[in-house]
Amino acid sequence: MVTSTVDSAVGALYSQHVNPQWVRLLDLLEMNVRYERCMGMELFTADGRRILDFLSGYCVHNIGHNHPAVIAALREELESCGPAMIQTHVAEAAGELGEKLCRRAGGKLTKTFFASSGSEGIEAAIKLARAHTRRNGLLYANGAFHGLTCGALSLMGDDFWREGFGPLLPETKAIPFDDLEAVEQELRSKRFAAFIVEPIQSEAGIRVPKSEYFRAVQALCRRYGTLLVLDEVQTGLYRTGPFLAGQHFGVEADIVVLAKALSGGLIPVSAVLMTDAIYDSVYGSLRRAIIHTSTFSESSLAMRAGLATLEVLESVNLGQRALQAGALLRQKLAEALRGYEMVKEVRGEGLLLGIEFIAPRSLRLRVPFEAFMRIHPAMFGQILVMRLFREHGILTQICGNNFLVLKAAPPLVVTEEQIEEFVAAVSDVVEMAHTSAAFWSEALGLARRAII
Ligand SMILES: Cc1ncc(COP(=O)(O)O)c(C=O)c1O
């Protein structure tokens, strides 16, 4: 049963002129609903449903959807008719936001390049690191997701995303995440400009490294003259408790990339924080004053959105809330899912959590599980996602580079009651996967429809 689809005119135009396969996929998963109003944790659909958001647009909505303070700041900026996109002025709000971000990142990072997306931030980090070190090599971790533009895609930890797009950047090398020996082995060659890595890998399956890993990585990077670039696109802005997830591990990177949550979910913005030394070696003369920039860099609306978002995050202490609510969610999930043979672990930091599933041991479950893995490795996870959405009004997803991990990453404003609701919904769906033939026959139907 499809609960609500976009009306045919809207769906038809989108299909004809934007991306018909996306519409097909959402239809298949019975998730193609029309959202009419989104506030905080809640998304309201045209047919009167209320959906709880446990995905946060992949960590965009840290302060919740359509926060009134961000809307007010954007309105004010628009109504002021101030300078926007003049391209020959000093954007003062960018100075204000840059100072705030650098200070919170720990002080060693003092300059900011603003852009409009996480990928664009990674592209900038690649250029900055190469120009600063005069080396070409780029080291990254298996499973990483750094974005889909050509440079970022060259650092993608899963070949699926690269297939068909031709040769990407040369001199890149993947190593296992959380493996110090592998880092040292590669850095010894002194050919790497940067080790670009997420402090907690998100799309790889919410992978948290050993507590000492990053401090040792930082020491190795210094020893061999490689810059440590932390991709905090999902983990930054208090998602895991501290301002940056790197701060859990006492690490101060040479470059930090922020995006997603910085916009308050309304205006695209990303920020690349760097040291003075890096800035100087890239921009350090009049001739090179705009050697790396972009039309929409420092856009007045983006800067206002960033400032207002930071203000909200801090005025109600959402970092602390992420830690407390995250601990509660993790504990409740772990308790509720204990004993299920297909649940391996609940893990993560703050409100960036994942539930990892594994192949069942019992023959009764192993046969259908393996059959679905053969049809498509994402099939099992997508049935969980679909049932959570359809039967419980919960929006979440599996990780992009690890289909056996289900995300639990709500806006940081999530309440205890909403946590209870999520845990009950997940428990119900997991119980069904372990006991009901209907779960598996539904998967078969989905597989058939996907093949047509
Ligand atoms: C960790 C990480 N880095 C970079 C990116 C790329 O960001 P964007 O989609 O804004 O280009 C993403 C996107 O999901 C991401 O998760």
Semi-axis lengths (Å, descending) of the ellipsoid that matches the C-alpha gyration tensor of segment 193-338: 30, 23, 12
Shape call for segment 291-364, from the Cα gyration tensor axes a ≥ b ≥ c (a/c under 1.5 means rounded, otherwise prolate when a/b beats b/c, else oblate), comes out oblate
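Express in nm, to one decimal, how much length is gained between S80 and E431 on full extension, taking 0.36 nm for each residue of separation and deducting their alpha carbon distance.
On the way: separation 351, 0.36 × 351 = 126.36 nm, distance 5.50 nm.
Roughly 120.9 nm would be gained on extension.
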Within the chain: Cβ-based charge dipole about Cα centre, in debye rounded to nearest 20 (Lys, Arg +1; Asp, Glu -1): 1060
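Which shape class, rounded, prolate or oblate, goes with segment 223-271 when its Cα gyration tensor gives a ≥ b ≥ c as root eigenvalues, a/c under 1.5 marks rounded, and past that a/b bigger than b/c marks prolate?
oblate
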Give me the angle, in degrees from 0 to 90, between the Cα long axis of helix 68-80 and the longest principal axis of the Cα atoms of the chain, rounded to the nearest 10. 50
With every protein chain kept in place and a 1.4 Å probe, the chain has an accessible area per residue in Å² of 43
Once you have a ≥ b ≥ c as the square roots of the Cα gyration tensor eigenvalues for segment 152-192, tell me rounded if a/c is under 1.5, and otherwise prolate or oblate according to whether a/b is larger than b/c. oblate
Under the 7 Å Cα-to-Cβ spin-label approximation, A219 and T293 lie apart by a distance in nanometres of 4.2
In the full protein assembly as shown, how much of L363 is accessible to a 1.4 Å probe, in Å² to the nearest 10? 120
May I ask you to derive the relative contact order of segment 210-272, considering only C-alpha pairs under 8 Å and at least 6 residues apart, and to give it as an integer percent? 32
When Lys and Arg each count +1 and Asp and Glu each count -1, what net charge do the other residues less than 12 Å away from L313, Cβ to Cβ, add up to? +2
Taking 32 Å as the cut-off for C-alpha to C-alpha distance, list the pairs among K173/K260; K173/K210; K100/K344; K100/K127 that go past it. K100/K344
Ignoring ligands and nucleic acids, what accessible area does F160 show with a 1.4 Å probe (Å², nearest 10)? 140
A371 neighbourhood, Cβ < 15 Å, K/R = +1, D/E = -1, net charge +2
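Please state the relative contact order of the chain as a whole percent: Cα pairs under 8 Å, 6+ residues apart? Spell out each step's value before the answer.
Values: 868 pairs, mean separation 92.4, N = 452.
This gives 20 percent for the chain.
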Quickly estimate the mean residue ellipticity at 222 nm for the chain, helices only: each DSSP H run with n ≥ 4 gives -39500 (n - 2.57), and the total goes over all residues, rounded to 500. -13500 deg cm²/dmol
At a 1.4 Å probe radius, which order do R50, R104 fall into by accessible area, largest first? R50, R104
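Grab the other residues whose beta carbon is less than 12 angstrom from that of D179, score K and R as +1, D and E as -1, and report the net.
-2
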Inter-centroid distance (Cα atoms) of segment 98-112 relative to segment 365-415, Å: 37
Based on alpha-carbon centroids, what's the gap between segment 260-338 and segment 18-97 in Å, whole number please? 15
Packing-wise, with mean Cβ within 10 Å as the measure, how do 186-192, 392-398 rank, highest first? 392-398, 186-192
Heavy atoms of D159: accessible area, 1.4 Å probe, square angstrom to 10: 100
Quick one: compute the contact order of segment 382-435, relative version, from alpha carbon pairs under 8 angstrom and 6+ residues apart, as a percent. 32
Accessible heavy-atom area order of F44, F357, F296, highest first, probe of 1.4 Å: F296, F44, F357
So how do E442, E171 rank on accessible area, 1.4 Å probe, biggest first, that is with the largest at the start? E171, E442
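The values are calculated or read from the model by the stated rules, or taken from the named source; none is laboratory data. Keep in mind that this is a model prediction, so the values were computed, not measured. Neighbour counts run over all protein chains shown; Cβ positions are idealised from the backbone, glycine included. For accessibility, only protein heavy atoms count, side chains too; no ligands or nucleic acids. Shrake-Rupley method; radii C 1.70, N 1.55, O 1.52, S 1.80 Å.
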